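Some notes on the structure that comes next.
The values are calculated or read from the model by the stated rules, or taken from the named source; none is laboratory data. Since the structure is predicted, the reported quantities are computational estimates derived from the model, not experimental observations. FYI the Cβ positions are ideal-geometry reconstructions off the backbone, even for glycines, and counts take in every protein chain you see.
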Amino acid sequence: MGRAVALGRLDRGDRVVVIGSNADKGRHLLAAAAERDADDRIEFIQADLSRIADVRGVIERIRSRYEVVDALCLFANRQVPRRIVTDDGVEKTFALYYLSRYLLSHELAPLLRRSDSPVIVNVAGVGVTKGEIYWDDVTLAGRYNTIRAQLQAGRANDLLGVAFAAQSDNPIRYVLYHPGFTKSGDLGPLPAPVRGLLRVASLIAARPVEEAVAPVHGFIDGPPGAPLTAIDRGRSLPLTLSSLDPDNAARLAELTAKLLAGRQSEG
C-alpha cells in the first residue's frame, strides 16, 4: 500500500520520501519512479523501523533535507509468528507497528506544522475493538501470539491518534484509517499453511490495493477539518468508541514517553 501511495503522489507531481527495510523493493520503487520520469522527486531511505535508532536516524535525515512535510502516511507493519524482543527491549510488533509511528508522528510534527494543510494518515485497524493494551506487560512475555501482538499494537495506534489530536494549538489533522482486508502485505514471515489460506482468502475477499489507498489520497489532497477523524472501510466512526478512550490515550502516551526516555538514557 505504501508503494501504491508513493507512486500515486508522484503521478500528482509531489515529492516523496519512502522508508522501507527491503533494499530490493526500494530499487524496484525507484525504477518505477524513473519510468514515470519522476526519479528526481523520490527518495528511498532503507531502515529497520523496529529499531529506535533507525527511526531517529530517518527523522534526522528528513529534518536535514526538508523544511516542510505536508503529509505523513504510516503503513509499517509485519506479522511476527514468534516473540522477538528488539535490542531496545521492546516486543518487535509493538516497536514496528506502534512505536515507530509514535516517533515519526511526534518528531516530524515541527516540519508538518510549517505546511498549509498538514495531515498524518495512520493506516491501522480503527473500528476493530478486539484486543487491548497489556499495561503491565506490553512486551507480552509469557502470553505472546501473533494475533494478540497485532491487536495490541492496533489499539495502541488508535490511542496514538487520540492523544496526538488532543494537543493544544495543533494544526495537524490526524486520520485513523482502516482499509480492511487488502491484497497487500508481506506474508513471508508466516507459516506456509497460513500463507496459503490467506492467499486463497485474498482472491475471494480482499480489496485491490488501488481501491484501498484511494481514500488516503483524498485525506492528503483535502485534510479533514476535525483534529481527529476515524474511518473504517469508508465509514466514519464516532470518537466515543471504547477503543478511542481519551484517558487510555493519555495513559499510553505517558507509558511511551517513559519507555523512550529509558531507551535514550541507556543509549
Please tell me if VAL162 is farther than 26 Å from ASP87 by Cα, out of contact with any Cys (no Cβ under 9 Å at 6 or more places or on another chain), modelled with pLDDT under 95 and β-branched (Val, Ile, Thr). no
Inside the stretch 112-136, can you point out the residues that are within 21 Å of LEU260 (Cα to Cα) and surrounded by fewer than 22 Cβ atoms within 10 Å (Cβ to Cβ)? GLU132, ILE133, TYR134, TRP135, ASP136
Within the stretch 150-168, restricting to residues that are not in a helix (DSSP H, G or I) and not aliphatic (A, V, I, L, M), the one that is farthest from ASP137 (Cα to Cα) is SER168
From the list GLY89, GLY142, GLY125, GLY154, pick out the single residue that is farther than 23 Å from ALA53 by Cα and either touching a strand residue (DSSP E or B) at 6+ places or on another chain (Cβ under 8 Å) or in contact (Cβ under 8 Å) with a residue 24 or more places away in the chain (or both). GLY125
Quick check on my filter: what residues within the stretch 133-185 are under 28 Å from SER117 (Cβ atoms), of a type outside the set (Val, Ile, Thr) and touching a Ser or Thr at 6+ places or on another chain (Cβ under 6 Å)? ASP158, PHE164
Residue count, the stretch 205-218 (criterion: part of a loop (DSSP other than H, G, I, E, B) and of a type in the set (D, E, K, R)): 0
Being within 30 Å of THR139 (Cβ to Cβ) and modelled with pLDDT under 95: is that true of ALA257 here? no
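When you scan the stretch 32-50, do you find a residue that is out of contact with any helix residue (DSSP H, G or I) (no Cβ under 8 Å at 6 or more places or on another chain) and buried (at least 17 other Cβ atoms within 10 Å of the Cβ), even just one? Reasoning before the result, please.
Going through the stretch 32-50, the residues out of contact with any helix residue (DSSP H, G or I) (no Cβ under 8 Å at 6 or more places or on another chain) turn out to be 34-35, 37, 40.
Those still in the list that are buried (at least 17 other Cβ atoms within 10 Å of the Cβ) too: none.
Checking the stretch 32-50: not a single residue is out of contact with any helix residue (DSSP H, G or I) (no Cβ under 8 Å at 6 or more places or on another chain) and buried (at least 17 other Cβ atoms within 10 Å of the Cβ).
Among the residues of the stretch 4-55, which ones are among the basic types (Lys, Arg) and assigned to a helix (DSSP H, G or I)?
Applying the first criterion (among the basic types (Lys, Arg)) to the stretch 4-55 yields 9, 12, 15, 25, 27, 36, 41, 51.
ARG9, LYS25, ARG27, ARG41 - these are the residues of the stretch 4-55 that are among the basic types (Lys, Arg) and assigned to a helix (DSSP H, G or I).
State yes or no: is VAL126 out of contact with any helix residue (DSSP H, G or I) (no Cβ under 6 Å at 6 or more places or on another chain) and β-branched (Val, Ile, Thr)?
Working: out of contact with any helix residue (DSSP H, G or I) (no Cβ under 6 Å at 6 or more places or on another chain): no; β-branched (Val, Ile, Thr): yes.
The answer is no for VAL126.
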Residues of the stretch 15-29 that turn out to be surrounded by 16 or more Cβ atoms within 10 Å (Cβ to Cβ) and either in contact with a strand residue (DSSP E or B) (Cβ under 6 Å, 6 or more places away or on another chain) or under 19 Å from GLU210 (Cα atoms) (or both), as a count: 7
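What number of residues within the stretch 248-261 satisfy the criterion of being surrounded by fewer than 17 Cβ atoms within 10 Å (Cβ to Cβ) and in contact (Cβ under 8 Å) with a residue 12 or more places away in the chain?
First pass over the stretch 248-261, keeping only residues surrounded by fewer than 17 Cβ atoms within 10 Å (Cβ to Cβ): 250-251, 254-255, 257-258, 261.
Checking the rest, the ones that are also in contact (Cβ under 8 Å) with a residue 12 or more places away in the chain come to 250-251, 255.
Selection size over the stretch 248-261: 3.
Residue-wise test of (1) under 29 Å from THR182 (Cα atoms); (2) of a type outside the set (S, T, N, Q); (3) in a loop (DSSP other than H, G, I, E, B).
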site: ILE220; (1), (2), (3): yes, yes, no
site: ILE231; (1), (2), (3): yes, yes, no
site: LEU239; (1), (2), (3): yes, yes, yes
site: ASP247; (1), (2), (3): no, yes, no
site: LEU255; (1), (2), (3): no, yes, no
site: LEU260; (1), (2), (3): no, yes, no
site: ARG263; (1), (2), (3): no, yes, no
Would you please name the residue that is surrounded by the fewest Cβ atoms within 10 Å (Cβ to Cβ), looking only at residues in the stretch 215-247 that are of a type in the set (Gly, Ala, Ser) and modelled with pLDDT of 95 or more? GLY225
What residue, of ARG83, ARG56, ARG61, is more than 18 Å from the chain's Cα centre (by Cα) and under 26 Å from PRO171 (Cα atoms)? ARG61
List the number of the failed condition for ILE147; all other conditions in (1) in contact (Cβ under 8 Å) with a residue 40 or more places away in the chain; (2) outside any strand (DSSP E or B); (3) within 26 Å of ALA212 (Cβ to Cβ); (4) of a type in the set (A, V, I, L, M, F, W, C) hold. (1)
